[in-house]
1. How would you rank Ser68, Ser134, Ser37, going from fewest to most other Cβ atoms within 10 Å of each one's own Cβ?
2. Quick one: work out Rg over Rh on the C-alpha atoms of segment 34-81, Rh as Kirkwood radius.
3. Modelling each spin label as a point 7 Å along the Cα-to-Cβ direction, I'd like the Gln125/Leu81 distance in nm, to one decimal.
4. Can you put Asp42, Asp66, Asp143 in order of Cβ neighbours within 10 angstrom, beginning with the fewest?
5. Search the structure for amide H atoms under 5 Å from the amide H of Arg117, placed 1.01 Å from N in the peptide plane, and list their residues when 5 or more places away or on another chain.
6. Tell me, what HN-Hα J-couplings in whole Hz come from the Karplus equation 6.51 cos²θ - 1.76 cosθ + 1.60 at θ = phi - 60° for each residue of segment 137-154, using x for Gly and Pro?
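Laboratory data are not the source of any read-out in this text; all were calculated from the coordinates shown. Please read all numbers here as calculations on a predicted model, not as lab measurements. Positions of Cβ are backbone-derived with ideal geometry, glycine not excepted, and every protein chain shown enters the neighbour counts.
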Amino acid sequence: MNLRTIAVCFLLILTLQGCSSNSTKTHSQTLAITPQSSTAYDLLAQHSKWEGTPYQLGGNSRKGIDCSAYTKITYQKVFGLNLPRTTIDQVTTGENIQRRNLAPGDLVFFRTGSKQRHVGVYVEQGVFMHASTSKGVTLSRLDNPYWHQHYWKSIRPQGKSEI
């Protein structure tokens, strides 16, 4: 099975999942991307296991999770790498990356308040996955006006090679 076939199957599953739900569509269900790399495919598979998990400050399970715990768990599962637990520690784990040079798995950071920081994992095509305070685990676009306005920096953690 080639990557394109796997991607089409993945999108079909996501579409069927959305159709079987009685709730309104989540933001991530409206984002249709076809992974162009095996890393992006692995990240989207990880996302599908956690999608909709509610946000809980300090949480680290499917009952509730915060952004840095979701990033830490994702990195362990997809890359076999251990990241620090907090956003402020994760931001110092690697080299700065220009937004135009983002690769699947790079960390994207946002300043969402005077002392608040947020982290997500870049997937591809301007899309990142994260634990949102309002939507739980979801996919969002970097060019979304909110995220674009609050974008701070991107990091490629040590031990993660460029794709």
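1. Ranked by crowding around the Cβ, least crowded first: Ser134, Ser37, Ser68.
2. Rounded to two decimals, Rg over Rh is 1.00.
3. With each label point 7 Å from Cα toward Cβ, the separation is 2.4 nm.
4. Asp143, Asp42, Asp66
5. Thr112
6. Values, residue by residue: 5, 8, 10, 9, 9, 5, 8, 4, x, 5, 5, 4, 5, 9, 4, 10, 6, 10 Hz.
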